[in-house]
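Enquirer: Here it is, the structure, as structure tokens.
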Amino acid sequence: MLDAVEITVRGGNGGHGLVSYHREKFVPRGGPDGGDGGRGGRVFLRAVDDVYTLELYRSRKHFQAQAGGNGGPNLRHGANGEDLYLEVPVGTVVHDAETGEFIADLESVGEEVLVAHGGRGGWGNKRFATPTNQTPSYSQKGQEGEERRLRLELRLLADVGLIGLPNAGKSTLLAAVSNAKPKIASYPFTTLEPMLGVVNVGWERFTLADLPGLVEGASEGYGLGFEFLKHIRRCRVLLHVVSCESPDPVTDYELIESELRAYDPGLAHVARVVAITKADLDQAAAERSAATLAAHLGRPVRVLSAHAGTGLEPLVGELMELVEAERKAAAARPPAEVPVIRPAPVDRFTVTIDDDGRYIVEGYTAVTFVQMMDTGMPGALDEVMRRLERWGIAKELRRLGIRPGDVVVFGDVEIAWEA
């Protein structure tokens, strides 16, 4: 099962603005009427319940939303690009692959998160018309869409997690009580990846995950280590099984529990059911193991035989009750407070001088505007200079000693300064 992958997403580019002048019979000296370009499509991740792995992203790793349409004459606005929705399993955690920044934890069906913005559409020449510049002959290019590399990690959202040492009979039990068809064999580590099944109990149901067997040192990454433990954190209830073939069921039980506590102390508070498996091999040995473990824990321990089907109905009934209680408790908890992140005002700017003597301008409004201008068009560079004066950037450049011909950098665009 593919449960971690990196993909690259990119919003659609914005459409270009148009340079156009009104042409109509009996309408002399028609003014500029170039329309704006459309916004590029955005990229969203959406959690769905009919996808269980990240297999969709094994071969295809790059996704881009639709570009916005170009502006047209008669002030026609370009069409906005269609948004792109990528489906991921419920329980997918999203991080920025380059910075490690946490983006989202998609815990419920239908939950969505915006992961890449589309580019803004460029202005048509009508936008630049003023009383002193009535026929501008320039427009803006569309802004490029935002590109991000994401790391998607699936952490199973199972109601019940099935835990135990390798070859404890977990896969056989899963197959006996659910619709899952796991690989079953008589040797350890038959299960190398999580298996998910649905258990029906009357009109209700819960999901049961057979998780790969733990070994000593798993909390430090030994054996299947973290590949197992990262999934167990999402389970509402844990079903801990110990084989009746074990000569020391208490040691087997405590080995697993100590690894869980070392990995995440919070797992100690997850509800548990404990059972002895493979009773069909030796009923008397299974009863003795259950009594020994019950005395150690101070609570009852079930005796099961997945092959014979004994003890399964009471087990799933108890699990269903615990799952329902946990669901109600989760619904009653107040939602986690979401921090309010207020972005810095976009009109702020800074000007610095680099080692090559270039003047580096930073600030969203100024950088975006210059990057979108096609400075090769007649009058476009004059428009840029007017805007720099209006925003106070030109004043700051002069204060720093800029001279005609010096290079001013706006992102990936360089312009020569004019007095």
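The values are calculated or read from the model by the stated rules, or taken from the named source; none is laboratory data. In this text the structure is predicted, and so the values were computed from the model without any measurement. In this analysis, Cβ positions are derived from the backbone assuming ideal geometry, glycine residues included, and neighbour counts consider all displayed protein chains. Side chains included, ligands, DNA and RNA excluded: accessible areas come from the protein's heavy atoms. Shrake-Rupley method; radii C 1.70, N 1.55, O 1.52, S 1.80 Å.
Enquirer: Share of segment 1-106's accessible area from carbon and sulfur, percent, 1.4 Å?
Expert: 48 percent
Enquirer: Compute the length gained on full extension between ASN133 and TYR21: take 0.36 nm times their separation in residues and subtract their Cα-Cα distance, giving the result in nm to one decimal.
Expert: Separation in residues times 0.36 nm, less the Cα-Cα distance, equals 39.0 nm.
Enquirer: Helix 380-391 versus the longest principal axis of the chain: what angle, 0 to 90°, nearest 10, using Cα atoms?
Expert: 70 degrees
Enquirer: Just report the Cα centroid separation between segment 234-277 and segment 12-65, whole Å.
Expert: 53 Å
Enquirer: Another question, then. With r as the distance between the Cβ atoms of TRP203 and ASP382 and R0 = 60 Å, compute the FRET efficiency 1/(1 + (r/R0)^6) and round to 0.05.
Expert: The formula returns an efficiency of 0.25 here.
Enquirer: Reported to two decimal places, what Rg/Rh ratio describes segment 78-128 when computed on Cα atoms with Rh from the Kirkwood expression?
Expert: On the Cα set of segment 78-128, Rg over Rh gives 1.16.
Enquirer: Please give the calculated 222 nm ellipticity per residue for the chain, where each DSSP H segment of at least 4 residues contributes -39500 (n - 2.57) and the sum is spread over every residue; nearest 500 deg cm²/dmol?
Expert: -7000 deg cm²/dmol
Enquirer: With every protein chain kept in place and ligands, DNA and RNA left out, what is the accessible area per residue of the chain? Probe 1.4 Å, answer in Å².
Expert: 52 Å²
Enquirer: Along Cα→Cβ, 7 Å out, is where each label goes; now give me the distance between the ones at THR350 and GLU87 in nm to one decimal.
Expert: With each label point 7 Å from Cα toward Cβ, the separation is 4.5 nm.
Enquirer: Further, regarding this structure: Let's test this: bin the Cα-Cα distances of segment 256-412 at 10 Å from zero up to the farthest pair and state each bin's percent.
Expert: Reading upward from the zero bin: 8, 21, 16, 6, 6, 9, 12, 13, 8, 1.
Enquirer: Let me ask something else about it. For ARG149 and SER59, compute 0.36 nm times the residue count separating them, minus their Cα-Cα distance, and round to one decimal in nm.
Expert: Working it through step by step, the gained length comes to 30.8 nm.
Enquirer: Of LEU54, THR130, ALA104, which is farthest towards the positive pole of the chain's charge dipole, taken about the Cα centre with +1 and -1 on the beta-carbons of Lys, Arg and Asp, Glu respectively?
Expert: It is THR130, whose Cα lies furthest towards the positive end.
Enquirer: Quick one: putting +1 on the C-beta of Lys and Arg, -1 on the C-beta of Asp and Glu, what dipole do you get for the chain around its Cα centre, in Debye to the nearest 20?
Expert: Its charge dipole is roughly 1660 debye.
Enquirer: Then there is this: Compute the acute angle (0 to 90°) between the alpha-carbon long axis of helix 312-332 and the principal axis of greatest extent of the alpha-carbon atoms of the chain; round to the nearest 10°.
Expert: Roughly 40 degrees, rounded to the nearest 10.
Enquirer: Any chance you could give the angle, 0 to 90 degrees and rounded to 10, that helix 283-297 forms with the longest Cα principal axis of the chain?
Expert: Orientation of helix 283-297: about 60 degrees from the principal axis.
Enquirer: If you compute mean projected area of the Cα convex hull in nm² for the structure shown, which of (1) 29.1; (2) 19.8; (3) 36.9 do you land on?
Expert: Read-out from the structure maps to (1).
Enquirer: Work out, step by step, the length gained on full extension between GLU101 and ALA291: first 0.36 nm times the residue separation, then minus their alpha carbon distance; give nm to one decimal.
Expert: In short, 63.5 nm is gained.
Enquirer: Please quote Rg/Rh for segment 1-96 to two decimal places, taking the Kirkwood radius as Rh and restricting both calculations to Cα atoms.
Expert: That ratio equals 1.29.
Enquirer: So for the chain, taking the charge dipole from beta-carbon charges (+1 Lys/Arg, -1 Asp/Glu), which of GLY37, PRO300, LEU165 sits furthest toward the positive end?
Expert: GLY37
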